[in-house]
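Trainee: What follows is a single structure, and I will ask about it in a moment.
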């Protein structure tokens, strides 16, 4: 089983990916971080096979963080997860020490497959990070916002004064539009594509000597 850590400026995104791993039998979430120090703590634990890192952390550029980690003899594979498309991105990522790159706009299953690939020692080059915009109706946007709040179809129906059948239909449509097979995946993709605003970050109470910027999931 591959142990995977996530580092990204948006903790909600990193934590959502960790939660998604619980539905797999070959990937295990080992924790998430939002800063370079947090990423360092994850990798120094020696428990990671793959580090999936965003192009931006809260305190630094993601690739700069990877370069710093490589200088400390980072042993795990690194996958860059980014929405920034540029001609030289892959060469910069490879030079920094990344084994692969995947678009944040990708469906969850594609991100997980990319994690598995770099975990096997494969190299994933940049193909195309451009993503067409998704046209959502006003009602679909309302449904998506409620999905982002964790509402199920019954609650959505109650909030919008529509039937449960209609609510389920809207949820299925939004999931399809977001290239998702579950509500969680739809919300995760919507956050990455900018259709939902990330929730405000809540401070994590300091406990013992644990880095407050790092969370661990067993």
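The values are calculated or read from the model by the stated rules, or taken from the named source; none is laboratory data. Computed from a prediction, not measured in an experiment: that's the story for all the values here. Neighbour counts are summed over all protein chains in view; Cβ atoms, including those assigned to glycine, are modelled from backbone coordinates with ideal geometry.
Trainee: For residues that are in a loop (DSSP other than H, G, I, E, B) and surrounded by 13 or more Cβ atoms within 10 Å (Cβ to Cβ), scanning just the stretch 134-148, find the one that is modelled with the lowest pLDDT. So that I can check it myself, show each step before the final result.
Mentor: Step one: of the stretch 134-148, the residues in a loop (DSSP other than H, G, I, E, B) are 134-137.
With surrounded by 13 or more Cβ atoms within 10 Å (Cβ to Cβ) added as a condition, the list becomes 134, 136.
Details: 134: 67, 136: 81.
Among those residues, the one meeting the criterion is 134.
Trainee: Return the total of residues in the stretch 25-44 being in a loop (DSSP other than H, G, I, E, B) and in contact (Cβ under 8 Å) with a residue 40 or more places away in the chain. Steps first, answer last, please.
Mentor: Restricting attention to the stretch 25-44, the residues satisfying the condition of being in a loop (DSSP other than H, G, I, E, B) are 25-26, 34-35.
Okay, now just the ones that are also in contact (Cβ under 8 Å) with a residue 40 or more places away in the chain, so 26, 34-35.
Looking only at that region, the number is 3.
Trainee: Can I ask one more? Kindly provide the set of residues from the stretch 68-83 that are in a helix (DSSP H, G or I) and surrounded by 13 or more Cβ atoms within 10 Å (Cβ to Cβ), ordered by number.
Mentor: To start, the set of residues in the stretch 68-83 that are in a helix (DSSP H, G or I) comprises 68-71.
Matches in the stretch 68-83: 68, 69, 70.
Trainee: Among the residues of the stretch 1-23 satisfying the criterion of being part of a loop (DSSP other than H, G, I, E, B) and closer than 23 Å to residue 148 by Cβ, which is modelled with the lowest pLDDT?
Mentor: Going through the stretch 1-23, the residues part of a loop (DSSP other than H, G, I, E, B) turn out to be 1, 8-10.
If we keep only those that are closer than 23 Å to residue 148 by Cβ as well, we get 8-10.
Details: 8: 91, 9: 89, 10: 86.
Among residues in the stretch 1-23 that are part of a loop (DSSP other than H, G, I, E, B) and closer than 23 Å to residue 148 by Cβ, the one modelled with the lowest pLDDT is 10.
Trainee: Specify which of the listed residues (40, 28) is more than 18 Å from residue 68 (Cβ to Cβ), in the same structural domain as residue 107 (by TED's automatic domain parsing) and in contact with a helix residue (DSSP H, G or I) (Cβ under 8 Å, 6 or more places away or on another chain). Talk me through it step by step, then tell me what you get.
Mentor: Values: 40 fails: more than 18 Å from residue 68 (Cβ to Cβ).
Only one candidate passes the filter, namely 28.
Trainee: Taking into account only those residues within the stretch 45-56 that are part of a loop (DSSP other than H, G, I, E, B) and in contact with a helix residue (DSSP H, G or I) (Cβ under 8 Å, 6 or more places away or on another chain), which is surrounded by the most Cβ atoms within 10 Å (Cβ to Cβ)? Don't jump to the end; show me each part of the working.
Mentor: Going through the stretch 45-56, the residues part of a loop (DSSP other than H, G, I, E, B) turn out to be 45-49, 55.
This time we only want the ones that are in contact with a helix residue (DSSP H, G or I) (Cβ under 8 Å, 6 or more places away or on another chain), so: 48-49, 55.
Numbers: 48: 22, 49: 19, 55: 20.
Restricting to residues being part of a loop (DSSP other than H, G, I, E, B) and in contact with a helix residue (DSSP H, G or I) (Cβ under 8 Å, 6 or more places away or on another chain), the top hit is 48.
Trainee: For residue 61, are the conditions met, namely being free of Cβ contacts under 8 Å to residues at least 24 places away in the same chain and either surrounded by 22 or more Cβ atoms within 10 Å (Cβ to Cβ) or farther than 15 Å from residue 118 by Cα (or both)?
Mentor: yes
Trainee: Based on what the data block shows, is residue 196 at pLDDT 80 or above and either in a loop (DSSP other than H, G, I, E, B) or on the phi > 0 side of the Ramachandran plot (or both)?
Mentor: On the way: at pLDDT 80 or above: yes; either in a loop (DSSP other than H, G, I, E, B) or on the phi > 0 side of the Ramachandran plot (or both): yes.
Yes.
Trainee: Run residue 131 past the list (1) assigned to a helix (DSSP H, G or I); (2) closer than 27 Å to residue 175 by Cα; (3) at pLDDT below 90 and report the number of the one that doesn't hold.
Mentor: Of everything listed in (1) assigned to a helix (DSSP H, G or I); (2) closer than 27 Å to residue 175 by Cα; (3) at pLDDT below 90, residue 131 misses just condition (1).
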